[in-house]
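Here the structure is laid out as structure tokens; the discussion comes afterwards.
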Amino acid sequence: MKLVTAIVRPERVQQVKEALFRAGISGLTLSRVSGHGGEQEIVEHYRGRRVMVEFRDKVEVRMAVSDAFVDAAVQAIVQGARTGEVGDGKIFVQPLERVIRIRTGEQDTAALTPVTETKLTPA
Ligand SMILES: Nc1ncnc2c1ncn2[C@@H]1O[C@H](COP(=O)(O)OP(=O)(O)OP(=O)(O)O)[C@@H](O)[C@H]1O
Ligand SMILES: [Mg+2]
């Protein structure tokens, strides 16, 4: 299992979500974040040079997936998020040790498999 974290442009979130759903990935968490890509923006000042670090609004999309879904998730994010301009974002893939579905106690891959409609009970 892997935790896939992507930082994307807010205006591309809808496309990213749609691409992920088409790839069969629907369990995800979105957070608004503020980020910087690491590039140095150097501004010339009358007293010398100053390094500007400007933070931009981004959206973090996080999803826990079984190993078989990692490549599909990465491809879907890239397809949904890429504009070709700087600032398109990044994707981080980390090992994931345990997953527990709280309602059923299911663990790991069983906890990641979407609950089918027949198993669904009213909220
Ligand atoms: N090394 C990093 N660690 C954590 N977050 C990062 C890192 N690099 C980028 N991010 C996050 O991703 C967002 C978008 O980064 P960005 O797309 O500018 O990356 P980049 O490496 O500068 O690529 P580009 O050259 O396309 O701009 C940042 O605002 C930040 O939130
Ligand atoms: Mg950048």
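The values are calculated or read from the model by the stated rules, or taken from the named source; none is laboratory data. All of these numbers come straight from a predicted model, not from anything done at the bench. For neighbour counting, all protein chains shown are included, and Cβ atoms are generated from backbone atoms with ideal geometry for every residue, glycine included.
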Give just the number: which of (1) buried (at least 16 other Cβ atoms within 10 Å of the Cβ); (2) within 16 Å of ligand 2 (Cβ to nearest atom); (3) over 14 Å from the mean Cα position of the chain (by Cα) does Leu112 not satisfy? (2)
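Yes/no per residue for (1) in contact with a helix residue (DSSP H, G or I) (Cβ under 8 Å, 6 or more places away or on another chain); (2) outside any strand (DSSP E or B); (3) of a type outside the set (Asp, Glu); (4) away from ligand 1 (no atom under 14 Å from the Cβ):
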position	(1), (2), (3), (4)
Ser26	yes, yes, yes, yes
Gly38	no, yes, yes, no
Ala68	no, yes, yes, yes
Val86	no, yes, yes, no
Pro114	no, yes, yes, yes
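Okay, residues lined up against (1) surrounded by 12 or more Cβ atoms within 10 Å (Cβ to Cβ); (2) over 11 Å from the mean Cα position of the chain (by Cα):
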| position | (1), (2) |
| --- | --- |
| Val16 | yes, no |
| Gln40 | no, yes |
| Val43 | no, yes |
| Arg56 | yes, yes |
| Val59 | yes, no |
| Gln79 | yes, yes |
Could you identify the single residue in Arg32, Arg101, Arg12 that is at pLDDT 95 or above, within 16 Å of ligand 1 (Cβ to nearest atom), surrounded by 14 or more Cβ atoms within 10 Å (Cβ to Cβ) and of a type in the set (Lys, Arg)? Arg12
Some residue of region 49-61 being closer than 20 Å to Arg22 by Cβ and either assigned to a strand (DSSP E or B) or near ligand 1 (Cβ under 10 Å from one of its atoms) (or both): yes
